Amino acid sequence: MRDEKRKAGKSAAYIRERIDGSPAIGVLTGTGLGGIGNSVENPVICSYADIPHFPLSTVESHPGRLLSGRMAGSSVVVLQGRLHLYEGYSPLEVIFPIRVMQELGVKVLIVTNAAGGINTAYSPGDIMIIGDHINLTGVNPLTGPNETTWGLRFPDMGVAYDRNLQEAVRAGAEAASIPVRTGVYAGLQGPSLETPAEIRFLKIIGADAVGFSTIQEVIAGVHAGMRVVGLSTITNINDPDNPAPATVEEIIAVANRAAPGVEKLIHSAVEAIDGD
């Protein structure tokens, strides 16, 4: 674990040499949100490939860039693209960007993703505030020796998603007339999509949406003492009694259409943090 801290420190040092100030807010974007970079004022851009020890995203619609600048009056760092277990990365590699954010001094983490809807009251294009999650990936990024300077050995996940930030997002959604849901996100390893039987199981245990990301990063964020808020774009609805194939192209298209609304809600969260 000491080696991970050394690597994260080197990555952070490279970034710190190129940016102004210390970002208090980190934004980790998922599918369809590459355009959030346009909201960053006077951004300093670093390619993941140029940052020492930084893993590379291999997924379509994940540009693989780090942007630093100001958004809604606050200093932010935005990661355009994330890492996934199904790409072959280990949990430690998936959360490495969160550790770099921690080394940079980030105190608030905003995460977004594209997710399949399990709650049949949802519709494609809906935005769901993540109220809680279920880790079904089979792994935990905190397994192994604990780096005490990063966090407690047994972090409490009872309130993993900050309630005040959730309320700020809801208030922003109401002001912008953007309908939002609040639900439970189930995280799987992927990359194969779920069978009808698996969807029935997820529904029984209380999941409203399912995806292949977010869980590892949120666990690391909580371990780091960050306040976390999460947003899922519902890209398709999984009805086990009427299964319909979902293509990557369709998922990306729905995420792209919903992106402007998600970006407004991210701004609402950032503005609330600035006012804290």
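Here are some notes:
- Subset of segment 117-166 (residues that are more than 20 Å from Val106 (Cα to Cα), under 19 Å from the mean Cα position of the chain (by Cα) and without any contact (Cβ under 8 Å) to a residue 12 or more places away in the chain): Gly158
- Put simply, of Ile251, Ile273, Ile204, Ile178 the only residue that is surrounded by fewer than 24 Cβ atoms within 10 Å (Cβ to Cβ), out of contact with any Pro (no Cβ under 8 Å at 6 or more places or on another chain), without any contact (Cβ under 8 Å) to a residue 40 or more places away in the chain and β-branched (Val, Ile, Thr) is Ile204.
- Scanning segment 222-264 for residues that are touching a strand residue (DSSP E or B) at 6+ places or on another chain (Cβ under 6 Å) and of a type in the set (A, V, I, L, M) yields a count of 12.
- Thr233 meets each of the listed conditions (1) in contact (Cβ under 8 Å) with a residue 24 or more places away in the chain; (2) surrounded by fewer than 23 Cβ atoms within 10 Å (Cβ to Cβ) apart from (2).
- Among the residues of segment 34-56, the ones that are at pLDDT below 90, aliphatic (A, V, I, L, M) and assigned to a helix (DSSP H, G or I) come to 1 in all.
- Scanning segment 13-33 for residues that are crowded, with 20+ Cβ neighbours inside 10 Å and outside any loop (DSSP other than H, G, I, E, B) gives Ile15, Ile25, Gly26, Val27, Leu28, Thr29.
- You will find that of Thr143, Thr137, Thr148, the residue that is outside any strand (DSSP E or B) and either touching a strand residue (DSSP E or B) at 6+ places or on another chain (Cβ under 8 Å) or under 26 Å from Ala259 (Cβ atoms) (or both) is Thr137 and no other.
Each row is one residue, and each column tells you yes or no for (1) more than 30 Å from Thr149 (Cβ to Cβ); (2) modelled with pLDDT of 85 or more.
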position	(1), (2)
Leu193	yes, yes
His223	no, yes
Ile237	yes, yes
Ala244	yes, no
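- Residue count for segment 141-163, restricted to those that are surrounded by 13 or more Cβ atoms within 10 Å (Cβ to Cβ) and polar (S, T, N, Q): 1
- Test: Ala220 is of a type in the set (Gly, Ala, Ser), farther than 22 Å from Tyr86 by Cβ, touching a helix residue (DSSP H, G or I) at 6+ places or on another chain (Cβ under 9 Å) and in contact (Cβ under 8 Å) with a residue 40 or more places away in the chain: no
- Residue count for segment 180-231, restricted to those that are acidic (Asp, Glu) and outside any loop (DSSP other than H, G, I, E, B): 2
- Failed item, numbered, when Asp3 is tested on (1) within 15 Å of the chain's Cα centre (by Cα); (2) at pLDDT below 95: (1)
- Qualifying residues in segment 236-245 (those that are over 22 Å from the mean Cα position of the chain (by Cα) and touching a residue at least 24 places away in the same chain (Cβ under 8 Å)) - the one surrounded by the fewest Cβ atoms within 10 Å (Cβ to Cβ): Asp241
- Considering (1) under 16 Å from the mean Cα position of the chain (by Cα); (2) farther than 25 Å from Pro145 by Cα; (3) among the aliphatic types (A, V, I, L, M), the lone condition that Ile15 does not fulfil carries the number (1).
The values are calculated or read from the model by the stated rules, or taken from the named source; none is laboratory data. What you see is a predicted model, and the numbers here were worked out from it, not measured in a lab. Here Cβ is always computed from backbone atoms with ideal geometry, including for glycine, and neighbour counts include all displayed protein chains.
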